[in-house]
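The values are calculated or read from the model by the stated rules, or taken from the named source; none is laboratory data. Values in this document were obtained by computation on a predicted structure and should not be read as measured data. Cβ sites come from the backbone with ideal geometry, for glycine too, and all protein chains shown count toward neighbours.
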Ligand SMILES: Nc1ncnc2c1ncn2[C@@H]1O[C@H](COP(=O)(O)OP(=O)(O)OP(=O)(O)O)[C@@H](O)[C@H]1O
Ligand SMILES: O=C(O)[C@H](O)COP(=O)(O)O
């Protein structure tokens, strides 16, 4: 069943719950980056221009983490970004939250409190059970419809993401719609099709590599970042204690075996680094594979020039590139070179899709533009590109039947 969109919803005067993903980096409680808020501007503006009464639902951080904060700053920023008034309510449960929604005037919005301040929201449920949680059952009586625009959280089966479609007519917002349009139809993109897998989410990246190589979606897979280091270990290269300890500490033993299996099965279509950059005497120092390991404690923090040359030549022949994760520790300018050069080459490919929170941060930090589609999602984007369903999208597809 296709997912309904804002084109199927008439909202004037109606109360609409809108789940967005404005989970953002913070600096002492203040927003350090508002890209995710700006991404949802179109959906919210469209609803508000049509005189909806909008209740915004969102999470920030994870319980126990540094960035587990209220949404007060987010509400203030949305108020600045949108032409309509946006207020903040420090509740998401019970009568306080209901009153905040009920008292909305047409064409105004309220940001309810961080959904994860409430324990059930940080658990994953089947949609039927999510539909019976306190958050969902508490708000449903004051809502007429639900819009899910939180593509970046759509891989989570949490109450605010999958519960409302059990009770309310539910639709995809504009971010969700455009992400599904682009990422749901990767098979239709031109070939050669190259996947670039970097960053530190080794298990997810190896899942993607398996899927796209087995299914034939990928003509080439280029690996970088920690993912590239795992492939080096899988190929028997001694990358030195500095890098190997990091990988073992993260518990990636099994991933090295999986990477080795992938090299056995599809080695002709997987590339891994031919040289790496380490810090030596306070400076960037590049080492070829046959000179590895470097000195004790040195860690492979970036891909080297030889690898960049090889990857650039693969990308020069590509028609489509799908990229996730940085090539190195881009936060440190000494090791941002690989990411910058690799991303520049990817941006020159005729059709380029890029996903991932850190990836997007690297693109902004390094000032690279020219990508065809910059996904708002990290885990969600990878999951879709691995051919798996997104629970929040399935909930939109199969939930409300009008009863
Ligand atoms: N060689 C390396 N050694 C250690 N860390 C690395 C290396 N290469 C990249 N990283 C780190 O990987 C992190 C980003 O990886 P991640 O897989 O989380 O990216 P992403 O998918 O774009 O982000 P997100 O999880 O926010 O969606 C960065 O913090 C970067 O410093
Ligand atoms: O930033 C993200 O990837 C999404 O907001 C999901 O956050 P989570 O990984 O904490 O569920």
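Mind listing whichever residues of segment 258-278 are out of contact with any helix residue (DSSP H, G or I) (no Cβ under 7 Å at 6 or more places or on another chain) and not in a strand (DSSP E or B)?
Hits for segment 258-278 are 261, 264, 265, 267, 268.
Can you tell me how many residues within segment 319-338 are surrounded by 24 or more Cβ atoms within 10 Å (Cβ to Cβ), more than 16 Å from ligand 2 (Cβ to nearest atom) and within 19 Å of the chain's Cα centre (by Cα)?
Result for segment 319-338: 6.
Just the residues that are surrounded by 18 or more Cβ atoms within 10 Å (Cβ to Cβ) and more than 30 Å from residue 186 (Cα to Cα), please, taken from segment 218-255.
If the condition is that a residue be surrounded by 18 or more Cβ atoms within 10 Å (Cβ to Cβ) and more than 30 Å from residue 186 (Cα to Cα), then 233, 237, 239, 240, 242, 243, 244, 247 are the ones that fit.
Identify, please: which residue in segment 359-403 is part of a loop (DSSP other than H, G, I, E, B) and under 14 Å from the mean Cα position of the chain (by Cα) and is, among those, nearest to ligand 1 (Cβ to nearest atom)?
378
Would you confirm whether any residue within segment 36-56 is in contact with a strand residue (DSSP E or B) (Cβ under 9 Å, 6 or more places away or on another chain), within 14 Å of ligand 2 (Cβ to nearest atom) and touching a residue at least 40 places away in the same chain (Cβ under 8 Å)? Don't jump to the end; show me each part of the working.
Keep residues of segment 36-56 that are in contact with a strand residue (DSSP E or B) (Cβ under 9 Å, 6 or more places away or on another chain), which gives 37, 40, 43-44, 47-48, 52-56.
After this cut, where a residue has to be within 14 Å of ligand 2 (Cβ to nearest atom) as well, the list is 37, 40.
Filter again for touching a residue at least 40 places away in the same chain (Cβ under 8 Å), leaving 37, 40.
The answer is yes; a qualifying residue exists.
Out of the residues in segment 339-371 that are more than 23 Å from residue 24 (Cβ to Cβ) and in contact (Cβ under 8 Å) with a residue 60 or more places away in the chain, which is surrounded by the most Cβ atoms within 10 Å (Cβ to Cβ)?
342
Taking the criterion of being out of contact with any helix residue (DSSP H, G or I) (no Cβ under 7 Å at 6 or more places or on another chain), away from ligand 2 (no atom under 16 Å from the Cβ) and not in a helix (DSSP H, G or I), would at least one residue in segment 218-235 satisfy it?
For segment 218-235, residues out of contact with any helix residue (DSSP H, G or I) (no Cβ under 7 Å at 6 or more places or on another chain), away from ligand 2 (no atom under 16 Å from the Cβ) and not in a helix (DSSP H, G or I): absent.
Only one of these conditions is not met by residue 177: (1) touching a residue at least 24 places away in the same chain (Cβ under 8 Å); (2) not in a helix (DSSP H, G or I). Which number is it?
(2)
What number of residues within segment 339-389 satisfy the criterion of being over 19 Å from residue 182 (Cβ atoms) and within 16 Å of ligand 2 (Cβ to nearest atom)?
4
Look at segment 190-217 and say how many of its residues are touching a residue at least 12 places away in the same chain (Cβ under 8 Å), part of a loop (DSSP other than H, G, I, E, B) and surrounded by fewer than 18 Cβ atoms within 10 Å (Cβ to Cβ).
Count: 4.
Output the residues belonging to segment 315-358 that are within 16 Å of ligand 1 (Cβ to nearest atom), part of a helix (DSSP H, G or I) and in contact with a strand residue (DSSP E or B) (Cβ under 8 Å, 6 or more places away or on another chain).
334, 335, 337, 338, 339, 342, 343, 346 - these are the residues of segment 315-358 that are within 16 Å of ligand 1 (Cβ to nearest atom), part of a helix (DSSP H, G or I) and in contact with a strand residue (DSSP E or B) (Cβ under 8 Å, 6 or more places away or on another chain).
Test residue 47 against the criterion of being within 20 Å of residue 176 (Cα to Cα), buried (at least 17 other Cβ atoms within 10 Å of the Cβ) and more than 24 Å from the chain's Cα centre (by Cα), and give yes or no.
yes
Taking the stated definitions as given, is residue 194 within 30 Å of residue 229 (Cα to Cα), more than 16 Å from ligand 1 (Cβ to nearest atom), at pLDDT 95 or above and within 21 Å of the chain's Cα centre (by Cα)?
When the stated conditions are applied, residue 194 passes them.
Quick check: is even one residue across segment 155-171 under 14 Å from the mean Cα position of the chain (by Cα), within 16 Å of ligand 1 (Cβ to nearest atom) and part of a helix (DSSP H, G or I)? Quick ask: steps written out before the conclusion?
Filtering segment 155-171 down to residues under 14 Å from the mean Cα position of the chain (by Cα) leaves 155-156.
Applying the additional criterion that residues be within 16 Å of ligand 1 (Cβ to nearest atom) yields 155-156.
Narrowing the set further to residues that are part of a helix (DSSP H, G or I) leaves none.
Within segment 155-171, none of the residues are under 14 Å from the mean Cα position of the chain (by Cα), within 16 Å of ligand 1 (Cβ to nearest atom) and part of a helix (DSSP H, G or I).
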